[in-house]
Structures are given as structure tokens and as C-alpha cells.
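Participant: Quick one: the structure is below, and I'll ask about it shortly.
The values are calculated or read from the model by the stated rules, or taken from the named source; none is laboratory data. All figures in this text were calculated on a predicted structure; none of them were measured in a lab. Here the Cβ positions follow ideal geometry from the backbone for every residue, glycine too, while neighbour counts run over all protein chains shown.
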Amino acid sequence: MPDRSFRYPLRWHVMDALERGADILWPATFSRMTGWLLAAPAILLVGLLVLGLIQIGDASMHVLDTSTFRMSEAYTLANYADAFTSAVYFKVAWRSLLAAALTTALTLAFAFPYAYAMVRTRSATVRKALLIALFLPFFIGQVVRAYGWLIILGNNGIVNDMLGVVGVEPIRLLFNFPAVIFGLVQYMLPFGVLMLAPALTAIPEETEIAAGSLGASWPRAIWHVILPMARPGLIGAGIVVFTLSLTDFAMPAILGGGSQDFIANAIYDQFFRTADQGLGSALALMLVALGSLIVGAVFTLFGAGTLALGARK
Amino acid sequence: MRYTGKGLTRRGLMRSAMATSGAALVAGMPAGRLLAQDEPEKPSEIIVRAWGGSWVEALKAGVSNPFTEMTGITVRHDLTEDNEIQPKIWAAVAQNRMPPIHVNWDTTTNATKSALRGVTEDLSDLPNLANTTDLAKPVGLDGYPIVNTYGYVYVLAYRPEAFPDGPPQSWRDLLDPRFDGRIALYNDGIGFHFPAQVAGGGSLDDIPENMEPCWDFVREIKALNPLLGEDPDFTAWFQNGEIDVACTISTNALAAQQNGVPIEWTVPQEGCKFDTDGLWVPQGLPENELYWAKQYINFAISQEAQQVWLDGLGLPGVVPGLTPPEGLADDPSYPTEPEDFENLIRISSEVQVQNESEWFSRFKEIMQG
């Protein structure tokens, strides 16, 4: 005789109810479409972006009529011609690319030892301290951090005050290209470390011990063993830092003194200063194309690194 | 040109209501006694876009607070930059949405773009316009899509310590190598083009056909690595000892001086640009809110409001008989008589608007090079 005192746990009832509800909302006959259902949010997000790009693409093919401040009806590639033939946009694009490359190289150079120390340290206190130091800047926005550097590096700032103590005249540390790079590297460092840390965690410490037991010094083990194994992390971090730097607006605007514009600043100028949405849109699309081409080339040559999320190249 | 897409009936109603209500408003009647029968329903607040710092404080003291006292309508100030609110208004009008603000305090050049685009309401029925000078009328536009509210000068502001022999006499004095990295200009070059045209050996009559003398002088200045920024940057740079000279609006120099920054200003022999700011109302407001937005502007061009508002800004208004702020009566940045304008350069907004993009591009080309 069955035991009638037996009762299913409550959570089983809850799960059964949820399953019945799911059956009503998404019947088993739809199961072949489940993959699409899961992909729907991503499709929606990408779809919205594509719609926006189509609108920007459309706007980019109309020139501004300064007698009415409306876009012309006729379609034309004049905005692209202006952008390609303008010395100022070439200069600004070249500066953006150079700055993004330098920022990526410097950020990775600083981020690797930081992430390595954070992953390998045996002291929980040191690890926590490094994590806190890493995350603290996230609570301070980019603009505020840039203004912080204005205070620290200004003619009357702390650095020049300290130089004054040893008899050095105030030096102009701000409003030039190196100041922009400095601000960008400081801003990008947490991104670099956070992208690198999982890749370094995945490298067993035993590999270093093995390299040492075979006679490799620690620097040689880092160079020949850890760095190659950390390549996916370096590529992932590099792509994130490069794309963020390439499209940055605030650092060149605040630390550049007005003469170190990036492409994003030029786009802002067209949209908001001269009200030329056509040229602004053309520049925006060219920035998207430039970034996509470079990232595509990196993916092709070196793979997507940790951004591939374990997928084979 | 189209300043309003609404019917004449409403315009007629507005005009008749304003003709009677305007005088009452300016006379400072208490809110409860203002046209109890004719006035449209009052909104709880109106939103006025303004520049921050001393600019908005002066507007509050001279216009917004008295307006609230008289009408009971709260005035909220939106400090979005003028060039950033512009596309938002344009988009709202294009999409038949309610605009984000009721009144836009704008440069006349920027406002002219909106007028040419046809997104501004007609303000020609404001009763207080009858008491204003020609400065209130936007040049090159039909009617009053904008009401200019005061004029201002892009002066040469300087640190007296950097000029021990007295104020600079010419814009060319800035070419001294000791000012390398110590000059500041607006990042779009605004205010500097026209004196640069003269300093570069050109003529104002050649604007806009031949601006090469201007660009030549800008190149000479570029060799001295000037800083490029906005109003707040100039104050900060003067305060932090980053610059010795700047081409900036006299109000900013005055505000910096009042905040203890050692700064003076002058109009060099080549002259300085004189321009105006104004107020305008975007299309798409409900009728009652449009009425009160126009009342706000009508009050802003009353003598009572102008006196207090422009005392705060240190600028000459558009109503005769204003008393200059202390110390500015004979100042070149406070022109009131015809002879005061002899050394000031005024180019029509129409010319500026149509060539701004080209000038901006040339200026950037030099400065980013």
C-alpha cells in the first residue's frame, strides 16, 4: 500500500507550476525555436543599433542648407568627400589612431604586472587592496578624473609645487598630447587589468614552477611561458582598450587644451557647433568603419582572445 | 519664412490679451490681479535655458524671481549648453513633440539658425518692444523671431602683471614670444575672427569674401600654442595662472575680477567684436504656456528687469535710460552712445550664420594642425 503521508517538497510544486506556465507561453512544439528566443534580446539590441546606423547613414548623405538650416533633399556623397579631403579630419583621425595605439601599449604594459600581482599574491589582504585600488576609480567618472588631473598637473598644481621646492620653474604639464595619453592610460588601466586577470588566473602556477625547475629564471619564465599563455587575455584587453580610446571624447577635450581633438570631438563639433548633422553623421560612420576594420584585422590575425569566450579560432 | 505654424485666430487672441496684460505685468501688479478674465491658465512652471554661474544668477535676480513674484509661476533654469539644446528643440519641433524648454536664452547667431529653420515663435506682438532700441531687433530677419536683450564685447582680457607697461594696445602685441602657451581663445574661434582680420592687415569690408588676413593672423597666434576653451575654462585658467591673455566676453572677465582674480580688459586699436544675445520661444508649446513664455520675454525687456539683470552681467541693454553698473560707465565693454561703437566690430548674424561652418573649419584646420 502506498505511503499517503508522503508530500513533495514545496519547491517541486513551484517548479512544476513554472514548467506548466512555460508550456503555455512557449509550447513544446516551439522547441526548435528556443535558440532564437534566447537570442531575441541580443537581436533586438543589435537591431536597434543597426536601425540607428541606417538613420545616420541616411543623414550622412544630405548636406546642410545654411539658408534654412535643414538637410537638403538630394542624396549626395559630398559630406564623405569633405571628410576625406579635409586636412583637419585626416590629422584628427591620425591623432586618434596614434593615441589609441599608444594608450593600448602603455595600458597593457602597466596592467600585466598589476594583474599578475593580484592573481599570484598569497596575501588575501594585498589582493583585496589591489582590487579596491582597481575598483575605486570606477566610482569616479571620467570627467571628474580628468578635472582631478587639471588640479594635480596644473601650473599651480601639486606636481609643480613639488618641483618648485627643488627650484624648478613651473612646467606646462597639461594641454598637450602626452597629457591626453596620460589621462587615457589612467582611465583604461582598470579595464586592462580586469580583462587580463581571468586569463592569468587560468594559467596554472605549476607551469612557472616547471619552467623554473628546468632552469629558467623568473623573467625568462614570464617572457617565454606566461606571456604567450596570456595572449588571449592580452588580445581581449587590447581590443577593449583600443576601441574605447579611439572613440574617447572627454580626455582630449579636457586635457588637450582644445588643440588635441580626437574624431569624437570633431563629430561633436559638427552636430552641436555648426549644426551640420550630415557631416557629423559621415564622420561618425567613418569612425565606426575605422574601428571595425582594425578590430576585424586583429581578429583575423590573432583571434579574438578572451572575447571569443572559449570558441575556437 | 515661417515663424509659427499656428492659425491666425490664436495670434489675434494672443495679441489682444497681451496688449492689456503686458502693461499690467510690467507695472508689477500682484499675481492675483493679473488679468483674471483674459489670461490663459498658468502653468506651474516654465523652463528657461540659461548659461550657468554669474549669468544665471543675474537672470534670476533681474527677471526670473520678479516674474515668479508677479505671476506665481515658478521659473526653472535649464543649464544645458546653448548648442546642445538646439538639436533637441529642432528634433522636438520636427516630431511635433513639446519642446524641452519654454524660453531659450541664446546667442543671436545661434538663435538665427533656429529662426531660419522656422522653429521659433513670432514675438513681434510683445508690448514692451515699443520701448526698446534698434539693438533689440535681429538684423536680416523678418519680424521678431528673436528679441535681442543686450549687447556684449569680446574684449582682450589680460593679467596686469603680464603687462607692466600698461594694457596691450594691439592684438599683435600677443605675438610676443613670452606669451607662448599663455593665450586663450574660444575653441571655435568665435570673437576672434574679425579683429584677427584687421590685425592680419585685412579689411572688414572683405568679410566674408576674403578672410585670408584673418587666417594668416590665426596662424601666427597658433605658433604660440594658444589654449582653446569655453567661458568656464578661461576663468579657471586665469585663476590657476595658466594664461596671461584671453579673447573673451567682458562679462566673464568681470565675473572673474569680482571673484578676486587679478584681471583687466581692453579694446585694442583693431577693435573687438560686438554681438548680441537674445530670448526666443520654440514652437510646439501649448497655447497657455506659449502665452506665459512670451510674457516672460516681455518682462525681460522692461526697464525694471533690464536694470537688475544687466547690472549683474555688466552689459548694455536694449532699453533707453538704464544706469550703467558701477565702474562701467566709460568702459569700452559697455557701449551706449554711437561714438562708443566706433572701435567695435559688428557683423550681421546673417553673414555669421551662413559662413560659420566654413570659418569654424578653417580655424580648426589651423589649430589642430
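Participant: With the structure loaded, tell me whether residue A:82 is within 14 Å of another protein chain (Cβ to nearest Cβ) and either out of contact with any Cys (no Cβ under 6 Å at 6 or more places or on another chain) or exposed (fewer than 12 other Cβ atoms within 10 Å of the Cβ) (or both) or whether it fails that test. Walk me through how you get there before you give the answer.
Facilitator: Working: within 14 Å of another protein chain (Cβ to nearest Cβ): yes; either out of contact with any Cys (no Cβ under 6 Å at 6 or more places or on another chain) or exposed (fewer than 12 other Cβ atoms within 10 Å of the Cβ) (or both): yes.
So residue A:82 fits the description; yes.
Participant: Quick one: is residue A:93 surrounded by fewer than 18 Cβ atoms within 10 Å (Cβ to Cβ) and either of a type in the set (Gly, Ala, Ser) or touching a residue at least 60 places away in the same chain (Cβ under 8 Å) (or both)?
Facilitator: Answer is no for this residue.
Participant: Would you check if there is a residue in the range A:70-89 being touching a Lys or Arg at 6+ places or on another chain (Cβ under 8 Å) and charged (D, E, K, R)?
Facilitator: yes
Participant: Okay, moving on. Would a scan of the range A:7-19 turn up a residue that is within 14 Å of chain B (Cβ to nearest Cβ), loosely packed, with under 10 Cβ neighbours inside 10 Å and at negative phi?
Facilitator: The answer is no, given that none of the residues of the range A:7-19 is within 14 Å of chain B (Cβ to nearest Cβ), loosely packed, with under 10 Cβ neighbours inside 10 Å and at negative phi.
Participant: Between A:225, A:241, which is aliphatic (A, V, I, L, M), under 14 Å from the mean Cα position of the chain (by Cα) and part of a helix (DSSP H, G or I)? Walk me through it before giving the result.
Facilitator: Working: A:225 fails: under 14 Å from the mean Cα position of the chain (by Cα).
Of A:225, A:241, the one residue that is aliphatic (A, V, I, L, M), under 14 Å from the mean Cα position of the chain (by Cα) and part of a helix (DSSP H, G or I) is A:241.
Participant: When residue B:114 is evaluated against the numbered criteria (1) more than 11 Å from chain A (Cβ to nearest Cβ); (2) farther than 15 Å from residue B:289 by Cβ; (3) among the hydroxyl-bearing types (Ser, Thr, Tyr), which criterion, by number, is the only one it fails?
Facilitator: (1)
Participant: Residues being surrounded by fewer than 21 Cβ atoms within 10 Å (Cβ to Cβ), in a loop (DSSP other than H, G, I, E, B) and charged (D, E, K, R): count how many of those fall in the range B:161-220.
Facilitator: Residues in the range B:161-220 being surrounded by fewer than 21 Cβ atoms within 10 Å (Cβ to Cβ), in a loop (DSSP other than H, G, I, E, B) and charged (D, E, K, R): 4 in total.
Participant: Moving on to the next point. Would you check which residues across the range B:329-357 are in contact (Cβ under 8 Å) with a residue 40 or more places away in the chain and part of a helix (DSSP H, G or I) and list them?
Facilitator: Within the range B:329-357, B:341, B:349, B:350, B:351, B:352, B:353, B:354, B:355, B:356 meet the criteria.
Participant: If I filter the range A:91-130 down to residues being small (Gly, Ala, Ser) and touching a helix residue (DSSP H, G or I) at 6+ places or on another chain (Cβ under 8 Å), which single residue comes out as farthest from residue A:239 (Cα to Cα)?
Facilitator: So, considering only residues that are small (Gly, Ala, Ser) and touching a helix residue (DSSP H, G or I) at 6+ places or on another chain (Cβ under 8 Å), the one farthest from residue A:239 (Cα to Cα) is A:117.
Participant: A further question follows. Answer with yes or no whether residue A:217 is more than 16 Å from the chain's Cα centre (by Cα) and assigned by TED's automatic domain parsing to the domain that holds residue A:150.
Facilitator: yes
Participant: If you scan the range B:317-369, which residues turn out to be surrounded by fewer than 20 Cβ atoms within 10 Å (Cβ to Cβ), touching a strand residue (DSSP E or B) at 6+ places or on another chain (Cβ under 8 Å) and within 14 Å of chain A (Cβ to nearest Cβ)?
Facilitator: Within the range B:317-369, B:357 is the sole residue that qualifies.
Participant: Let me ask something else about it. Could you please find all residues in the range A:53-77 being free of Cβ contacts under 8 Å to residues at least 60 places away in the same chain, under 14 Å from residue A:284 (Cβ atoms) and within 14 Å of chain B (Cβ to nearest Cβ)?
Facilitator: Scanning the range A:53-77 gives a single hit, A:55.
Participant: Something else: Suppose the filter is of a type in the set (Phe, Trp, Tyr), crowded, with 21+ Cβ neighbours inside 10 Å and either in contact (Cβ under 8 Å) with a residue 40 or more places away in the chain or assigned by TED's automatic domain parsing to the domain that holds residue B:231 (or both); does residue B:158 pass it?
Facilitator: yes
Participant: Just to be sure I understand, how many residues within the range B:79-93 are more than 16 Å from the chain's Cα centre (by Cα) and either facing another protein chain (nearest Cβ under 9 Å) or within 16 Å of residue B:63 (Cα to Cα) (or both)?
Facilitator: 2
Participant: Out of B:278, B:271, I need the residue that is modelled with pLDDT of 95 or more and under 15 Å from residue B:128 (Cα atoms). Which one?
Facilitator: B:278
Residues are listed down the side, and each one gets a yes or a no for (1) closer than 30 Å to residue B:131 by Cα; (2) not β-branched (Val, Ile, Thr):
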{"site": "B:155", "(1), (2)": "yes, no"}
{"site": "B:160", "(1), (2)": "no, yes"}
{"site": "B:175", "(1), (2)": "no, yes"}
{"site": "B:179", "(1), (2)": "no, yes"}
{"site": "B:183", "(1), (2)": "no, no"}
{"site": "B:191", "(1), (2)": "yes, yes"}
{"site": "B:194", "(1), (2)": "no, yes"}
{"site": "B:201", "(1), (2)": "no, yes"}
{"site": "B:217", "(1), (2)": "no, yes"}
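Participant: Then there is this: I need a count of the residues in the range B:136-155 that are at pLDDT below 95 and part of a helix (DSSP H, G or I).
Facilitator: Number satisfying all stated conditions: 0.
Participant: Let me ask another. Would a scan of the range B:265-280 turn up a residue that is away from chain A (no Cβ under 14 Å), out of contact with any strand residue (DSSP E or B) (no Cβ under 8 Å at 6 or more places or on another chain) and surrounded by fewer than 18 Cβ atoms within 10 Å (Cβ to Cβ)?
Facilitator: yes
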